[in-house]
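Written out below as structure tokens is the structure these notes cover.
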Amino acid sequence: MIVGYCRIGPLEPVARLDAQKRDLAAIGAQQYFCEKASVFGTMPELERAIDLARKGDVIAITKPYRVAHSTRGVLALIERLGSKGVGLRILHTPID
């Protein structure tokens, strides 16, 4: 299953969530977890997506900065997901 994760910043319009969902639907995402960034930097919907994902599933995002502030953060997420047997796909990048 492809699980879509969408996130917008506190000042971004909600329409950006719809655009992300549309892009993720185009690659076959079947379930979505969406949220607006908080001041505290927590991502509860990402945690829910990770908890839901099972071995062989893929979590798909539109941009790396939607899940991490640095390359190191993206790599840590890839490692975390990999330990569960879950993949990460970032649209329009070689990360798949």
#### Entry: Other-chain or far-sequence residues with amide H under 5 Å of D57's (modelled H)
G87
### Message
So for the chain, averaging the separation of alpha carbon pairs under 8 Å that are six or more residues apart and normalising by length, what relative contact order in percent results?
### Response
30
### Query
For region 9-36 and region 58-86, what is the separation of their C-alpha centers, rounded to whole Å?
17
### Message
Checking the cross-link filter: which aspartates and glutamates have an alpha carbon closer than 20 Å to that of K84, excluding same-chain neighbours under 8 positions apart?
### Response
E45, E47, D51, D57, D96
### Query
With the dipole of region 20-77 worked out from charges on the C-beta (+1 for Lys and Arg, -1 for Asp and Glu) around the Cα centre, which of L75, A37, A26 lies farthest toward the positive end?
A26
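Given the chain, what percent of its DSSP beta bridges are antiparallel, to the nearest 5?
Numbers: 0 of 13 bridges.
Counting DSSP beta bridges with both partners in the chain, the antiparallel share is about 0 percent.
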### Query
Sorted by packing (mean other beta-carbon atoms within 10 Å per residue), highest first, where do 50-60, 7-17 land?
50-60, 7-17
### Task
May I ask you to evaluate 6.51 cos²θ - 1.76 cosθ + 1.60, the Karplus curve with θ = phi - 60°, for each residue of region 46-63 and list the ³J(HN,Hα) values in order in whole Hz, giving x for glycine and proline?
5, 4, 5, 5, 5, 4, 6, 5, 10, 3, x, 7, 10, 9, 10, 9, 8, 9
### Task
Using amide H atoms built 1.01 Å from N in the peptide plane, name the residues 5+ places from F33, or on other chains, whose amide H lies under 5 Å from its own.
G4, Y5, C6
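Which value results for Rg/Rh of the chain when Rg is the Cα radius of gyration and Rh the Kirkwood radius based on the inverse mean 1/r? Before the final figure, lay out the partial values.
Values: Rg = 12.3 Å, Rh = 13.3 Å.
Ratio value, two decimals: 0.93.
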### Task
Please give every one of the lysines within straight-line cross-link reach of K36, meaning a C-alpha to C-alpha distance under 22 Å, and leave out same-chain neighbours fewer than 8 residues apart.
K21, K63
### Query
HN-Hα J couplings of region 80-90 from phi, Karplus 6.51/-1.76/1.60, θ = phi - 60°, integer Hz, Gly and Pro as x?
4, 5, x, 5, 9, x, 9, x, 10, 10, 10
### Query
Carbon and sulfur atoms: what percent of the 1.4 Å accessible area of the chain do they account for?
57
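The values are calculated or read from the model by the stated rules, or taken from the named source; none is laboratory data. Please read these numbers as outputs of a predicted model, since none were measured by experiment. All Cβ positions, even for glycine, are placed from backbone atoms using ideal geometry, and neighbour counts span all protein chains on display. Please note that ligands, DNA and RNA were not included when accessible areas were found on the heavy atoms of the full protein model with its side chains. Shrake-Rupley method; radii C 1.70, N 1.55, O 1.52, S 1.80 Å.
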